[in-house]
Every structure is written in C-alpha cells, then in structure tokens.
Amino acid sequence: MVSLVSRQGRQLQRYTSTGGRVVVGCIPYKFKINEPCKDGVDRAMEVLVISSQKGHGMMFPKGGWELDETIKEAVSREALEEAGVQGNIEGSLGKWRYKSRSHDAFYEGIMFPLNVTEELVHWPEMDVRRRRWVTIAEAREGCQHPWMKEALDRLVTRLSNLSRQETSMG
C-alpha cells in the first residue's frame, strides 16, 4: 500500500555546503503507441508536466531530497506526490545550480528520466496541481525553468542516441 499523503516540513531536508536546498526531480515520459521513432524520438514521445502550486506555468515534478531516503526514493516520492505516476528511474541527466524564486538562495537541482509504467487516478497533490501529457515542443515552450528545459534536451538527446544505436544494430 502506498501512502497517499505528501511529506510536509523541512526537518529532514538536505542542504548544500553553502546552505541551499538539494532538490531532486524527474521528467516523466512515455512513447506514443502508434508513433514510430523513425520520425524522431521527440515526435514519438510525450512528457508529463504539472502545474506549480502557485500556478506559474508548467514544470516537472521536483522537491527536497531528505536525509532518510536514497536519491531514487526521493525522485519516486516526488513523482508520486506531485504527478501521481510511478515508473523506472533511469540514469541522472545532470546537476544544476539555480536561483530560488521564493528565497534569496541558490539551490542544487538533480534531474532523472522516469519511464512511466503507472498513472494513478488519485494522488496526494491532485487537488493543488494539474497534470498533462504534452509533446516535447509544448514542454519546451511552457516550462518556466531554464535548467529543466536543459534536462529535457539532455533526455531527448540520450533517447535519440539510443534509438539510433538500436536501429543500426537491428
């Protein structure tokens, strides 16, 4: 049984040596069933975006990495709490330093791809966030965070390279 309550508070929050929060997130993705990859990975896949709690545009699920969990547990928890999805977490897309919009601090953000295997009907933050499957182009246009756009570009590049390798081997 999965807990359907979001964690609250920052007592267990991880911080950088300069005092900024360490934030982890994911880009939930899936491939369209009837769309061949030969037209390009970016046309054959969709990503799941969520609204911020404050309603400022689209973003990917992210939140604090806490002391009592591994990085992948934190990524999984954020995907479940904020977007109501579960799946396979793949290798890190990288680490970014970004300025907090609400605090006078720089945070460290670490992003992972999440190959979605399950989309829940009910999830902890469903009353405060909207979720929507969009194309890569729509995500690039609607995402307010440059570092998240860069993570998305890295994911598309990675999957495109994998697709080319599979095509040349097949």
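The values are calculated or read from the model by the stated rules, or taken from the named source; none is laboratory data. Just so it is clear, the structure is predicted and the values come from calculations on it, not from any experiment. A quick note on method: Cβ atoms are made from the backbone with ideal geometry, for glycine too, and the neighbour counts reach across all protein chains shown. Keep in mind that these areas ignore ligands, DNA and RNA; they rest on the heavy atoms of the full protein, side chains included. Shrake-Rupley method; radii C 1.70, N 1.55, O 1.52, S 1.80 Å.
For segment 63-86, which residues satisfy the criterion of being closer than 20 Å to Val121 by Cα and charged (D, E, K, R)? Once the filter is applied, which keeps residues that are closer than 20 Å to Val121 by Cα and charged (D, E, K, R), segment 63-86 yields Arg77, Glu78, Glu81, Glu82.
Please work out if Gly142 is more than 19 Å from Thr16 (Cβ to Cβ), in contact (Cβ under 8 Å) with a residue 60 or more places away in the chain and in contact with a Gly (Cβ under 7 Å, 6 or more places away or on another chain). In short, yes. Among residues belonging to segment 1-31 that are farther than 22 Å from Asn88 by Cα and β-branched (Val, Ile, Thr), point out the one that is modelled with the lowest pLDDT. So, considering only residues that are farther than 22 Å from Asn88 by Cα and β-branched (Val, Ile, Thr), the one modelled with the lowest pLDDT is Thr18. Scan segment 52-78 for residues that are over 18 Å from Ile110 (Cα atoms) and open to solvent by 40 Å² or more (accessible area, probe 1.4 Å) and the total you get is 4. Only one of the numbered conditions (1) farther than 12 Å from Val24 by Cα; (2) assigned to a helix (DSSP H, G or I); (3) open to solvent by less than 30 Å² (accessible area, probe 1.4 Å) is not met by Arg129, and that is (2). For segment 93-111, the set of residues classified as small (Gly, Ala, Ser) and either in a strand (DSSP E or B) or buried (at least 17 other Cβ atoms within 10 Å of the Cβ) (or both) consists of Gly94, Gly109, listed by residue number.
Look at Gly63 and say whether it is closer than 21 Å to Val116 by Cα and either touching a Cys at 6+ places or on another chain (Cβ under 7 Å) or at pLDDT 70 or above (or both). Yes.
Filtering Leu152, Leu114 for residues that are in contact with a Pro (Cβ under 6 Å, 6 or more places away or on another chain), open to solvent by less than 30 Å² (accessible area, probe 1.4 Å) and either under 16 Å from Ser51 (Cα atoms) or modelled with pLDDT of 90 or more (or both) leaves a single hit, Leu114. Could you go through segment 79-92 and let me know if any residue there is of a type in the set (Asp, Glu), under 20 Å from Arg130 (Cβ atoms) and either crowded, with 22+ Cβ neighbours inside 10 Å or modelled with pLDDT of 95 or more (or both). Checking segment 79-92: at least one residue is of a type in the set (Asp, Glu), under 20 Å from Arg130 (Cβ atoms) and either crowded, with 22+ Cβ neighbours inside 10 Å or modelled with pLDDT of 95 or more (or both).
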